[in-house]
Amino acid sequence: MLEVRNLEVVYDDVMQVLRGVSLRVPEGSVVALLGANGAGKTTLLRALSGLLDVHDGVIAKGSVLLDGEPIHGLRPAQVVRRGIGQVMEGRRILAELTVEENLRVGGHTARRDLAANLDRVYGLFPVLKTRRKGVSGYLSGGEQQMLALGRALMSGPRYLLLDEPSLGLAPTLVRQIRDLIAEINKQGVTVLLVEQNARMALSIAAHGYVLETGKVVMDKPAAELLADEDIREFYLGLG
Ligand code: ATP
């Protein structure tokens, strides 16, 4: 279980972006975190993955627990070694490197399993195998998202944190990425899925949280969120 308790984050000494957020991601599940632009979703993920820079006026309080053990305060590489992988918003692949070089970078913390992890990633994303010697910058948006997912899987994570994997993708590609996330979950990886695309996220998540201006305002099974009138109006456009 990955758990966040009473997380508070303040930027620039005064701007409180998270106001006591608590959430739980049980092992084996897909949990969705929904919220509008600026609600604090990326900040929450950064706090989980050790990427929150707590210098320069950033103040963080609260705890992040992995199987009951505190992991807040760990550096990003240490968090990866504990089994938590992340795909940041905007994919951030290394555009000048080949597909396989990007994947090898992702696998540097798990060198012993490199070949097996590479096989697994190529099994999930055959297109990456076909393009393995190609320069990553020439991949399409959907292929780059697959590469970003594949790179995160190269460390053999038990948990995967995904920041808006559907952003900027055409609907057919969104469905493809969604199905791949479901498959990754079926293979045993627990997923925290941050999305503005509520329809996509709730179609594979068991449970969802809605974040508004730094607070959890809803915490419900995905089916109940899908049926909720406010969610239908604000997130699904079904007024
Ligand atoms: P988006 O979907 O646009 O990424 P979000 O829900 O992920 O939104 P955050 O990226 O966590 O929200 O940002 C929440 C607020 O904190 C925003 O107003 C943002 O401008 C601000 N913010 C984010 N990072 C910093 C930072 N390093 N320093 C100061 N303010 C920041």
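Would you mind stating whether L124 is closer than 24 Å to M200 by Cα and at pLDDT 95 or above?
On the way: closer than 24 Å to M200 by Cα: yes; at pLDDT 95 or above: yes.
Yes.
If I ask for residues that are open to solvent by less than 50 Å² (accessible area, probe 1.4 Å) and either within 7 Å of the ligand (Cβ to nearest atom) or over 21 Å from L236 (Cβ atoms) (or both), which ones from the range 21-41 would you list?
Here is the first cut: in the range 21-41, the residues open to solvent by less than 50 Å² (accessible area, probe 1.4 Å) are 21, 23, 25, 28-35, 39-41.
Within the range 21-41, V21, L23, V25, G28, S29, G35, A39, G40, K41 qualify.
Check V191 against each of (1) under 23 Å from L51 (Cα atoms); (2) in contact with a Phe, Trp or Tyr (Cβ under 7 Å, 6 or more places away or on another chain) and name the one condition it does not meet.
(2)
Output the strands (runs of 3 or more DSSP E) that fall wholly within the range 122-239 and possess 3 or more residues being open to solvent by less than 40 Å² (accessible area, probe 1.4 Å) and closer than 18 Å to I84 by Cα, or say none. Give the steps one after another, and end with the answer.
Details: elements: 159-163, 190-195, 207-212, 215-221.
Because the criterion is at least 3 residues that are open to solvent by less than 40 Å² (accessible area, probe 1.4 Å) and closer than 18 Å to I84 by Cα, the strands (runs of 3 or more DSSP E) in the range 122-239 that meet it are 159-163, 190-195.
If I filter the range 190-207 down to residues being under 15 Å from the mean Cα position of the chain (by Cα) and without any contact (Cβ under 8 Å) to a residue 40 or more places away in the chain, which single residue comes out as farthest from the ligand (Cβ to nearest atom)?
M200
Yes or no: the range 56-66 includes at least one residue that is closer than 19 Å to L160 by Cβ, away from the ligand (no atom under 15 Å from the Cβ) and surrounded by fewer than 17 Cβ atoms within 10 Å (Cβ to Cβ). Reasoning before the result, please.
Going residue by residue through the range 56-66, those that are closer than 19 Å to L160 by Cβ are 64-66.
Checking the rest, the ones that are also away from the ligand (no atom under 15 Å from the Cβ) come to 64-66.
Going one step further and asking which of them are surrounded by fewer than 17 Cβ atoms within 10 Å (Cβ to Cβ), we end up with 65.
Yes, the conditions are met somewhere in the range 56-66.
Do you know which residues across the range 3-20 are under 22 Å from the mean Cα position of the chain (by Cα) and near the ligand (Cβ under 9 Å from one of its atoms)?
Answer for the range 3-20, where residues must be under 22 Å from the mean Cα position of the chain (by Cα) and near the ligand (Cβ under 9 Å from one of its atoms): V9, Y11, V17, L18.
Quick one: in the range 72-88, of everything that is among the small types (G, A, S) and either within 16 Å of L52 (Cβ to Cβ) or in contact with a helix residue (DSSP H, G or I) (Cβ under 8 Å, 6 or more places away or on another chain) (or both), which residue is least open to solvent (accessible area, probe 1.4 Å)?
From the range 72-88, those among the small types (G, A, S) are 73, 77, 83, 85; that's our starting set.
Filter once more, keeping what is either within 16 Å of L52 (Cβ to Cβ) or in contact with a helix residue (DSSP H, G or I) (Cβ under 8 Å, 6 or more places away or on another chain) (or both): 73, 77, 85.
Details: G73: 81, A77: 47, G85: 3 Å².
The extreme case among them is G85.
The values are calculated or read from the model by the stated rules, or taken from the named source; none is laboratory data. Computed from a prediction, not measured in an experiment: that's the story for all the values here. Every residue, glycine among them, receives a Cβ derived from its backbone with ideal geometry; neighbour counts consider all protein chains shown. Only protein heavy atoms, including side chains, enter the accessible area calculation; ligands, DNA and RNA are left aside. Shrake-Rupley method; radii C 1.70, N 1.55, O 1.52, S 1.80 Å.
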